[in-house]
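Each value in this text was obtained by applying a stated rule to the coordinates, not by laboratory testing. Owing to the predicted nature of the structure, the values given are computational and were not obtained by experimental measurement. A quick note on method: Cβ atoms are made from the backbone with ideal geometry, for glycine too, and the neighbour counts reach across all protein chains shown.
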Amino acid sequence: MAFDPVGDYPLGTQRPDLVRTPAGLGLAEVTLDALRAGRLEASDLRATAETLRLQGEVARAAGRRELARNLGRAAELTAVPDDVILEIYTALRPHRSSAGELEALALRLKGDFEAPLTAAYIREARAVYAERGLLSPE
Amino acid sequence: MSEQRRSRRFVEREQRELRQELLITPHPDVGLVAMNGPNDPDPALEIREDRVVLLDGRSEDQFDALDHFIARYGLDLDVAAEAMAIDETELAHRLVDVDVPRDELVRLGRGLTPARLARVVALLDPVEMMFALKKMRARRAPANQAHVTNLKENPALLAADAAEAAARGFAEIETTVGVSRYAPLNAMAVLVGSQTGRPGVLTQCAIEERRSLQLAIQGITTYAETLSVYGTEPVFVDGDDTPWSKGFLASAYASRGIKVRFTSGGGSEALMGHADGCSMLYLESRCLCLARAAGSQGVQNGSISCVALVMSVPAGSREILAENLLAAWLDLEVASGNDAIASHSPTRRTAKLMGQFLPGTDFVTSGWSVMPRYDNMFGGGNYDADDIDEWLTIQRDWQIDGGIEPLSEEEVIRVRERAARAIQAVFAAFEFPAISDEEVEAATYALDSRDLPDRDRAADVAAADRVLAERISGLDVARELDQRDFTEVAEAILGMQRQRVSADYLQTSAIVAPSGEVSAAVNDPNRYAGPGTGYRLDGVRWQRLQHLPHELDLRTLEEAAEAPAKVVAEKHVASMGDRPDDVVIAVGPAFADGLQATIGGMAHRDVIEALMGGVREAGGEPRLVRIRRASDVAFIGHDGAALSGSGVAVGVQSKGTAVIHRADLQPLDNLELFGMAPSLTLDSYRAIGRNAAGYALGQRVGPVPTVMDNFARAKLIVHTTLLHARETAAITADAPAVELELL
């Protein structure tokens, strides 16, 4: 059944068939019995990129394109390890990175993590940081 | 120069708690002006080739980082030309026009600049703002958020308080720490407690961003609202962030399935020394445009921790309400402050609160202190545990849902104990420093953390470090609870992990019902369009909120009445007295019959004996009569006087109100009236008897001294009404008075 971003929200109750954990478990499989049987991993209990993209569609259909864009970047970041996430955050803080370092980060996001939206976002930051004196020296 | 003589009233007022606060004249140069500051830029927007080249007084080459961010991500250029062309007054009208739907205003708002948005809401008066907020709130049903902390960072007490908060209906619970290394344990205690009290409650721990994100990744928290943004670039940079770093963080949280809202609020820029000469509302408007541009689903706003600063300038409360309205107009979820202490004065605090309470917001407070203020570590507690009955009563008074439910003492004790036991089991499972049975009991029944034993803080902090080092997760907590007979709590915690998978609560204004069903602006949108539409507190929910545990059920009152020993006997229809010393004591229809005591608790027999004794002391001859045709004290007294040989009578109602009357006076006139029944003593009744005899015998009489208690009415008006209703019910129409004998 095709996804209807207006009628199929909340996904968890309306369209559980569309929701999976990263390891492929369905929502109905996230149970105490599964926990007892050792079938659940903490690292597996999070949204997938696909789920976040569906939520992005829901947001867009509700007229919230900024939230949808945010969820688009979030979908990309599901593939990025925790420590890299924290590294990028630190790099985006004021006076932490040179233009070259931000550009390298953007390239890495695009190349290693297939995260073009986030990469573009970082490039936009780089341009504004350069204008506003928020970069660190090269 | 001699010292000027002071008015004692002015001196007295200076001692009131309100006067501990400083009120100041506006000082726009440092940002101490509420709205419409003289230095605020004129609204302006110029677009060239799909690019914003002029925004609110600055051309592109003068943009700061915030302008760039808003221009790039925060304006809908397809709507901008249309929206910016609409007259400000016309936009203000549409905000309060019940026939202009919310969706249309949201659409237009997307094309308005920060300066224009601020100007438009500033055109509304407070009631208009409240109406607009009611209409513009994103989610249909309002909710509330709780704060749970304690000075000892005692985990059993944190869990018990979180459980009570959840059971009382708070949709979100926020905790924080005194010592930052405690964060993992505090967050865990609040997770366990909240899910014990009511499944589905979202929880967070307010700490430094990296640590906060880490706890969320481990599934110990489910939301964050610490993403503070500011309205000027220097303050942003002083906060060690940029719009891009905050925006990235928002996406990072979302990528881990964590709900996020930003935080902003008027006065923060002035406090941090870089308001750039602009008004609080204009700078907040920039914050809100930025929050939406970053893709945040919502904000915590309405001055928040700077509330007392905003309220030091004229129109401060109105500015704060304008902030909340602006956020709602921008289609953001609003957690509307009322957490930090707004004033020393309870009157002023509550006057400010009404701006959010009556219209309702997504979270009426962004932190209602479930524990006494002593234990609030947010520097807050604008409303706290001591105020719970006030809050519930005000909800009941206005028929307004402020998001807090009444709960019986037994039920509160039950959930607190269960939660303290659950966290005790979790600590045992992970071999954290044990939580003793004594702590569980203290946490269940405590007033505050002073009732709890001290813990080994060094050992607790070491355990907290283990949570991070060993990556102990929400799932691990659920597993251990399941194995220790806390299956229902384990199931609820697992339910929250499931929410992270479906990520439904990332949508605007999302909260989670105990069933796991998410309710957000998407599936429960506010479509208020006039009376009878939108959210109304009625049906089952109204029944739930109106019945407070200490409410008196009148039916139980009726049942409690049992037949007492007889005090008087009716002899015969009362005759006209003929002796000059005859003083009639006229009692009401239910006196010493259906009713047995006055509102002041005086037994009717004692009252009769005091009155008759007083008459005799002054040389009169008392005669006891019951008036059956009237329950009003004036008529009881006057009817008695008409039967009295001396023409003087004492009339007394069952509730104790008394009058000395004379036959030649009009019924509603009198010699002396004693309306303050609750403060009358047996000595008073004796003195009333003496005075009545004095009038009868033509002596000089000084009025009986009475005490005035201005609160008696508020305290006793319900009792008065109930007693009087029974007196009135005992009336026999047209029946003559009867003479009574005291048994």
Can you grab the distance from the C-alpha centre of the stretch A:12-29 to the C-alpha centre of the stretch B:360-416, Å, no decimals?
36 Å
Under the Karplus relation with 6.51, -1.76 and 1.60 and θ = phi - 60°, whole-Hz ³J(HN,Hα) for the stretch A:35-52, x at Gly and Pro, equal 5, 4, 7, x, 8, 10, 10, 4, 5, 8, 8, 7, 6, 8, 4, 5, 4, 5
Computed over the Cα atoms of the stretch B:57-180, the Rg and Dmax in Å are 20.9, 58
Each label point is 7 Å from the Cα along the Cα-to-Cβ direction; what then is the distance between the points at B:E104 and B:L548, in nm?
4.2 nm
At a 10 angstrom cut-off on C-beta neighbours, averaged per residue, how do the peptides B:110-120, B:670-680, A:105-115 rank from highest to lowest?
B:110-120, B:670-680, A:105-115
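Give me the percent of DSSP beta bridges within chain B that run antiparallel, rounded to the nearest 5.
45 percent
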Among residues other than B:V96 whose Cβ falls under 13 Å from its Cβ, what is the net charge (Lys/Arg +1, Asp/Glu -1)?
-1
Could you work out how much longer the chain between B:L743 and B:L77 gets when fully extended? Use 0.36 nm per residue separation minus the Cα distance between them, nm to one decimal.
230.5 nm
Taking θ as phi - 60°, what are the ³J(HN,Hα) couplings along the stretch B:66-78 by the Karplus curve (6.51, -1.76, 1.60), each to the nearest whole Hz, with x for Gly and Pro?
5, 4, 4, 5, 5, 4, 7, 10, x, 10, 8, 5, 6
Among A:44-51, B:603-610, A:33-40, how do they line up from the highest to the lowest mean number of other beta-carbon atoms within 10 Å?
A:44-51, B:603-610, A:33-40
Under the rule of at least 5 residues apart or a separate chain, name every residue whose amide H is placed under 5 Å from the amide H of B:G298.
B:F262, B:E333
Positive minus negative residues near B:L682 (Lys, Arg vs Asp, Glu; Cβ under 9 Å)
-2
Relative contact order of chain B, pairs being alpha-carbon contacts under 8 Å that are 6 or more residues apart, as %:
14 percent
Does anyone have the angle between helix B:457-469 and the longest principal axis of chain B? Alpha-carbon axes, 0 to 90°, nearest 10?
50 degrees
Give the value in nm², to one decimal: projected area of the alpha carbon convex hull of the protein assembly as shown, averaged over all directions.
48.8 nm²
Give the Rg (one decimal place) followed by the Dmax (whole number) of the stretch A:12-92, computed from C-alpha coordinates and expressed in Å.
14.9, 43
Report the label-to-label distance for B:E14 and B:M354 in nanometres (one decimal), using points 7 Å from each Cα along the Cα→Cβ vector.
3.0 nm
Given the -39500 (n - 2.57) contribution per DSSP H run of 4+ residues, what per-residue ellipticity at 222 nm results for the protein assembly as shown, rounded to the nearest 500 deg cm²/dmol?
-13500 deg cm²/dmol
Could you check the spin-label model distance between B:A603 and A:E101? Points 7 Å from the Cα along Cα→Cβ, value in nm.
8.9 nm
Hey, fewest Cβ within 10 Å first, where do B:E164, B:E517, B:E727, B:E3 land in order?
B:E3, B:E517, B:E727, B:E164
If you take each beta carbon of peptide B:68-74 and count the beta carbons of other chains within 10 angstrom, what is the mean?
3
Can you list residues from other chains, or at least 5 along the same chain, whose modelled amide H is less than 5 Å from the amide H of B:L45?
B:D56
What order do you get for B:I341, B:I627, B:I660, B:I70 when you list them from fewest to most C-beta neighbours inside 10 Å?
B:I341, B:I70, B:I660, B:I627
Once you average over the residues of A:73-80, how many Cβ atoms of partner chains fall within 10 Å of each Cβ?
5
Between the alpha-carbon centers of the stretch B:697-723 and the stretch B:596-637, tell me the distance in whole angstrom.
14 Å
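Just in the stretch B:198-269: which GluC sites (Glu not before Pro) are loop by DSSP and have at most 14 other Cβ atoms within 10 Å? Walk me through the numbers on the way to the answer.
On the way: sites: B:E208, B:E209, B:E225, B:E269; in loops: B:E208.
Here the sparse-neighbourhood loop sites are B:E208.
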List B:R261, B:R19 from most exposed to least, where exposure is judged by having the fewest other Cβ atoms within 10 Å.
B:R19, B:R261
List every residue whose amide H lies under 5 Å from the amide H of B:L624, counting only residues 5 or more places away in sequence or on a different chain, with H placed 1.01 Å from N in the peptide plane.
B:I585, B:L740
P(r) tail for the stretch B:327-380, what percent of Cα pairs lie past 15 Å?
51 percent
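Between A:A61 and B:A85, what is the FRET efficiency for a Förster distance of 35 Å, r being their Cβ-Cβ separation, to the nearest 0.05?
Plugging the Cβ-Cβ distance into 1/(1 + (r/R0)^6) gives 0.80.
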Any aspartates and glutamates with Cα under 18 Å of the B:K566 Cα? List them, leaving off those in the same chain fewer than 8 positions away.
B:D593, B:D606, B:E609, B:E727, B:E739, B:E741
Point-charge dipole on Cβ atoms (K/R +1, D/E -1) for the stretch B:648-735, about Cα centre, debye to 20:
240 debye
For chain B, with the dipole built from +1 on Lys and Arg beta-carbon atoms and -1 on Asp and Glu ones, taken about the Cα centre, which of B:S436, B:Q543, B:V310 lies farthest toward the positive end?
B:Q543
Partner lysines whose C-alpha sits under 18 Å from that of B:K715, ignoring same-chain residues fewer than 8 away, are B:K655
To the nearest 20 debye, what charge dipole does the stretch A:80-138 have about its Cα centre, counting +1 at the Cβ of each Lys and Arg and -1 at the Cβ of each Asp and Glu?
220 debye
Using the C-alpha atoms of chain B, what convex hull volume per residue, in cubic angstrom, is computed?
228 Å³
Within the protein assembly as shown, what percent of beta bridges assigned by DSSP are antiparallel, to the nearest 5?
45 percent
Taking alpha-carbon centroids only, the stretch B:202-251 lies from the stretch B:487-539 a number of Å equal to 23 Å
Note down the magnitude of the dipole of chain B about its Cα centre, charges +1 on Lys and Arg C-beta and -1 on Asp and Glu C-beta and zero elsewhere, to the nearest 20 debye.
1080 debye
Length released on extending from B:V127 to B:A733, taking residue separation times 0.36 nm less the Cα-Cα span
213.1 nm
Provide the gained length on full extension for the span B:V707 to B:D389, in nm with one decimal, where the gain is 0.36 nm per separating residue minus the Cα-Cα distance.
111.5 nm
Averaged over its residues, how many other protein chain Cβ atoms are within 10 Å of peptide B:235-245's Cβ atoms?
5
The helix B:155-167 Cα axis meets the longest alpha-carbon principal axis of chain B at an angle in degrees, between 0 and 90 and rounded to 10, of 70 degrees
Qualifying chymotrypsin sites (Phe, Trp or Tyr not before Pro) in the stretch B:432-541, DSSP loop, other Cβ atoms within 10 Å at most 15:
none
